[in-house]
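A.B. asks: Please find one structure pasted underneath; my questions will follow.
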Amino acid sequence: MTDTLERQTERMERIDAPGIAEADAAPPRAAGALTRIVIRSVSAASCTALFGAALAAIALTWVLYERVLPLSGALGFWMCTYLAFLLMYAGVSRTQVPGRVVVDRVVTVLVASAGLLVLAIVLDQIGYVVFRGWDAIRHENFVSQTMSLAGPLDPLTSGGMLHALVGSLEQMAIATVVSVPLGVFAALFLVEVGGPLARPVRTIVEAMTALPEIIAGLFIYAFVVLSLGIDQSGFAAALALTVMMIPIVTRSAEVILRLVPGGLREASYALGASQVRTVFTVVLPTARSGLATAVILAMARAVGETSPVLLTAGFTSGMNADPFSGPQVSLPLYIYSYVRFPQPTMVARAFGAGLALMVMVLVLFALARLVGGKTPGELSKRQMRRMQRVSGPAVESRAVTTDPQLSEG
Amino acid sequence: MMIDPIRSKWARFAALVATVVIAGSATTQTATAASYVPLQGDGSSWAQPAIDQWSRDVNPRGITVNFSGDGSAAGRQHYIVNQADFAASDIAFLTSPDPFGAGTEQSSYAYSYVPIVAGGTSFLYNLVVGGKRITNLRLSGETLAKIFTGKITDWSDPAIAHDYGQPLPSQKITVITRSDGSGASYMFSRWMWKEYPSLWKPFCQAQGGGAGCGPSEFYPGFSGSVQRNGSDQVASYISSPSFGEGSIGYDEYAYALNNNIPVVKVLNKAGYYSLPTPSNVAIALQRAVIDQNPSSPTFLMQNLDGVYTNSDPRTYPLSSYSYLIIPRDHRLINGNNAGPPPRFDPSKGTTLSTWMNYVLCGAQQKAGALGYSPLPKNLVVGGFEQVAHVPGHVATPDLKQLNGCNNPTYSNGVNHLIVDAPQPNPCDKLGTPLTCGAAAAPAAATSSRPTSGSATSIAPQPGTTQATTQPNGAPTGHSAPAVAGPVSPSASTSTDPETGQQVTAGQSTSDGTLPAAVPVALQSPSGSRNWLLPGLTALDILAAVALPGVVLTWLRRRRPGDE
């Protein structure tokens, strides 16, 4: 869009012919030579403007900020550079193109740099954790040992995070087993049953999404640990995670269930199926991939939570595979505890565990993408076989052929 | 359920046999002390590295100690509600309300306080003068108290110049305090409350601490102070090369050691500026008193008044220690004869006291390496007297000679502390100029950092030569003239806060005078005038850059026929 507009205006303004010729010929090479700020315009003139403005901004800011004015600090430097870059780019563009295009260019740069900034922050975070955590995680013992035989004075060649890994997996599994049925049924209530109670339930679920995590931990600590007398354990921690997961599962499951085409339900009712049967044989199977995504995202959220488990899990440096008795440590808690140690080796262990946690979340997200790539109603082969089984042999061939149409309706 | 009489008889017999066997094995087990039960405790995050290390040390013997470092207050609370077998706390149960925190705490289960780790409240700072980092700052207690109560707000204050021995350039003091409740805040404010009540009381009351205004776990924020959550964040704020400049804060010595942050030498009652080294703290704590009056509300609590005023020249005045709150057989609480917490049984007592026997003796060898100080004999004995009241305890070492107790400060009747703790450097005496010792110091230069307990513990290991005559007063193994770059403390590996007495001068020959002297006049306090000339220059440059473009555009617009 922009480059056509730009080229048109350039032609209209009859700016010297070589510029146009270059613009038509050069694009791939020019795009490769650019800094990371690649915008849609690809003419040599606009590339030069962009690149030159950036270079000039850095140089000018360096002279003014570092040399002339009594200022210092990296953050201030880059903010001033950016500001100078915008002004210069606008100014230089103004000599090339009319005002409308200048505004377009500047806004394009603003939007693109916002996106790049976010990307850079994410990359920086990942890179920093990898950089700091590599020291610990490159030792094989870090994933195969616990901390029961490693103290703050021991080198990174002993001790690890196996117990935290086991704890995280177990707590996440328990939390998922408890929260998924509750969350999905709540969503079914909101979508399929409704009634006067649906509104307050939805409001409460929405409010719970914004619940500070530590409150979930406090609630479980006060209710389960102190009142019911269940000791701090992996189970108590999993319950606290459940409190966090239920609203997430409910919210996303509700959205997914709403996406199930009404025609499917109506068809089911028209065939004489009851509401329960419709829900279990039509609505839920149709929304299965979306629901799986919702569950996995909730799991990814829960596995990284520190505050709910802070009060409820206790802490141990040894392996405790039994979530029902004794303290059980999870990865976030392991990180939280050890990163505050004065000893550098312990901080390295915390970052190593952070890296492991990040990989775990990444795997969960990849799973979610894999499972959730399909639209509601789009069935895998296995799901189709299952549907045939449920629907009975009579509709065997028809189920396959009519399915895409159904999903469209 | 129907049971065949014969089978039930057999079953009864089998059960009998089993009981006998189990009872027999149980007795043999207790005799050899091989059956330990896992212990669960929580509390002080400050003591956590030590407790973790010490529980790891006894793990091969079958003792499991699960410890969660969620804070002293949480630890005490968990003990009160029967959620922990023991609690680690930097302070005792609150017998009087905290001016900025909670009310009093009262455990309904019997408890004792056992000293476990000692340490000095250290003052970390970040001062860069003329591109050189200052690492030899020394201050008197009164100046410190004034800085932390907002009475002194600039590094050029004459009181600082008087203590340091040289004026510092004008720079705003950023005071870093803890935002969360912490033992360090309590220990520091207790010291001010006791030693400088005329500074602490008005400050505390002005911050809304009420009329009583005792020591507080929650240090009040004031204008010019920055509050940070946790020791690690205090340390990382101070060590930051950008915003940490000009800051000072109190923290644990371990964070200074591991992050190479310089520590203030504090003036003691003997007139020497001293660092919170393991030996200096242990020396100071020999004057710590444990309240032995069972009817007193402060029964078994520490009294550090004597520590603050200890007249040994090696004393670090702000020394304190952290407690372990452990169950006790019985104790008079509010007129009731209370017992130990219900979750605690004698088998746990056996485990706990076995562990305590290690903690109070051999474990103290590692205190120095972990950034703490070993407990002196008086506190070890005081601790063992309480361990002897744990239900189901095992025998403790004999308390007269501490035979078999591998404590670094005292063993087999010899007080290594008194004998071996290095005497202070004469250059650290009150009134000596900063240039003192320039010739003597470089002689001790060894660029190694303490890596083992022997480097920082006081007891001389057989074969280790402990240079007690070393002029700078630091134990062997510490580098002497630190050369710290202006950019980052971690970049220079030869830096060690131990060598706070040495200066960061580029060359080891010059000592102390170089950094402070040069830029005093350059950075004049009137900031507005500093801006005038650079501002004008900047405007000039901007104009020179922008004008051609503007003129060009203007000319082009004016060019006829272009529109």
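A.B. asks: What pairs can you find where one residue is in the range B:44-65 and more than 19 Å from A:Ser337 (Cβ to Cβ), the other is assigned to a helix (DSSP H, G or I) and not hydroxyl-bearing (Ser, Thr, Tyr), and their Cβ atoms are less than 8 Å apart, with a gap of 6+ or different chains?
C.D. replies: Correct list of pairs: B:Val58/B:Trp355; B:Ile63/B:Trp355.
A.B. asks: Hey, another quick one. Between A:Thr48, A:Thr61, which is closer than 25 Å to B:Ser240 by Cα and polar (S, T, N, Q)?
C.D. replies: Result: A:Thr61 is the single residue among A:Thr48, A:Thr61 that is closer than 25 Å to B:Ser240 by Cα and polar (S, T, N, Q).
A.B. asks: A follow-up question, please. Being facing chain A (nearest Cβ under 8 Å) and surrounded by fewer than 24 Cβ atoms within 10 Å (Cβ to Cβ) is the filter here; which residues of the range B:49-73 pass it?
C.D. replies: Scanning the range B:49-73 gives B:Gln53, B:Arg56, B:Asp57, B:Asn59, B:Pro60, B:Thr64, B:Asp70.
A.B. asks: Moving to a separate point now. Quick test for you: out of A:Pro308, A:Pro327, A:Pro261, pick the one residue that is touching a residue at least 40 places away in the same chain (Cβ under 8 Å) and surrounded by fewer than 19 Cβ atoms within 10 Å (Cβ to Cβ).
C.D. replies: A:Pro261
A.B. asks: Another question about this same structure. Taking the stated definitions as given, is A:Leu87 within 9 Å of chain B (Cβ to nearest Cβ), within 17 Å of B:Leu539 (Cβ to Cβ) and either surrounded by 18 or more Cβ atoms within 10 Å (Cβ to Cβ) or in contact with a His (Cβ under 8 Å, 6 or more places away or on another chain) (or both)?
C.D. replies: no
A.B. asks: Six or more apart or on different chains, Cβ under 9 Å: which pairs go from a residue in the range B:365-376 that's within 7 Å of another protein chain (Cβ to nearest Cβ) and over 19 Å from B:Asp232 (Cα atoms) to one that's among the hydrophobic types (A, V, I, L, M, F, W, C) and in a helix (DSSP H, G or I)? Could you list them?
C.D. replies: Within 9 Å, the pairs are B:Lys366/B:Ala50; B:Lys366/B:Trp54.
A.B. asks: On the given criteria, is A:Arg105 surrounded by fewer than 17 Cβ atoms within 10 Å (Cβ to Cβ), in a helix (DSSP H, G or I) and basic (Lys, Arg)?
C.D. replies: No, not satisfied.
A.B. asks: Which of the residues belonging to the range A:287-320 are part of a loop (DSSP other than H, G, I, E, B) and either at the interface with chain B (Cβ under 10 Å from one of its Cβ atoms) or under 17 Å from B:Leu39 (Cα atoms) (or both)?
C.D. replies: Result: A:Ala313, A:Gly314, A:Phe315, A:Thr316, A:Ser317, A:Gly318, A:Met319, A:Asn320.
A.B. asks: If you check A:Gly159, A:Gly99, A:Gly167, which single one turns out to be surrounded by 13 or more Cβ atoms within 10 Å (Cβ to Cβ) and modelled with pLDDT under 90?
C.D. replies: A:Gly159
A.B. asks: Can you find, within the range A:151-166, the residue that is farthest from the other protein chains (Cβ to nearest Cβ) among those that are touching a residue at least 60 places away in the same chain (Cβ under 8 Å) and over 33 Å from the mean Cα position of the chain (by Cα)?
C.D. replies: For the range A:151-166, the residue satisfying everything is A:Pro155.
A.B. asks: Please verify whether B:Pro262 is modelled with pLDDT of 90 or more, closer than 20 Å to B:Leu417 by Cβ and not small (Gly, Ala, Ser), treating the condition exactly as stated.
C.D. replies: So B:Pro262 fails the test.
A.B. asks: Name the residues in the range A:321-341 that are among the aromatic types (Phe, Trp, Tyr) and within 8 Å of chain B (Cβ to nearest Cβ), would you?
C.D. replies: Result: A:Phe341, single match.
A.B. asks: Given the conditions (1) part of a helix (DSSP H, G or I); (2) within 30 Å of B:Ala544 (Cβ to Cβ), and given that A:Ser72 satisfies all but one, which numbered condition is not satisfied?
C.D. replies: (1)
A.B. asks: Find the residue count for the range A:344-370, including only residues that are buried (at least 23 other Cβ atoms within 10 Å of the Cβ) and facing chain B (nearest Cβ under 9 Å).
C.D. replies: Total satisfying the criteria: 1.
A.B. asks: Name the single residue, out of those in the range B:85-107 being touching a strand residue (DSSP E or B) at 6+ places or on another chain (Cβ under 9 Å) and at pLDDT below 90, that is farthest from the other protein chains (Cβ to nearest Cβ).
C.D. replies: That would be B:Ala92.
A.B. asks: Another question, if that's okay. Quick one: which residue in B:Gly362, B:Gly383, B:Gly392, B:Gly371 is at pLDDT 85 or above and farther than 26 Å from B:Ser35 by Cα?
C.D. replies: The unique qualifying residue is B:Gly371.
A.B. asks: Quick one: which of B:Leu360, B:Leu318 is under 29 Å from the mean Cα position of the chain (by Cα), within 20 Å of B:Val65 (Cβ to Cβ) and buried (at least 23 other Cβ atoms within 10 Å of the Cβ)?
C.D. replies: The unique qualifying residue is B:Leu360.
A.B. asks: If you don't mind, there's one more thing I want to ask. Among the listed residues B:Asp232, B:Asp251, which satisfies the condition of being in a strand (DSSP E or B), among the charged types (D, E, K, R) and touching a residue at least 12 places away in the same chain (Cβ under 8 Å)?
C.D. replies: Only one candidate passes the filter, namely B:Asp251.
A.B. asks: Only one of (1) assigned to a helix (DSSP H, G or I); (2) facing chain B (nearest Cβ under 9 Å); (3) over 15 Å from B:Val545 (Cα atoms) is not met by A:Val63, so which one is it?
C.D. replies: Looking at each condition in turn, A:Val63 falls short on (3).
Results for (1) over 23 Å from B:Gln233 (Cβ atoms); (2) at pLDDT 90 or above; (3) outside any loop (DSSP other than H, G, I, E, B), shown as yes or no for each residue.
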| residue | (1), (2), (3) |
| --- | --- |
| B:Thr30 | yes, no, yes |
| B:Tyr36 | yes, no, no |
| B:Ile51 | no, yes, yes |
| B:Trp54 | yes, yes, yes |
| B:Ala73 | no, no, yes |
| B:Asn82 | yes, no, no |
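The values are calculated or read from the model by the stated rules, or taken from the named source; none is laboratory data. Keep in mind that what you see is a predicted model, and the values were worked out from it rather than measured. Please note: Cβ atoms are built from the backbone with ideal geometry, for glycine as well, and neighbour counts cover all protein chains shown.
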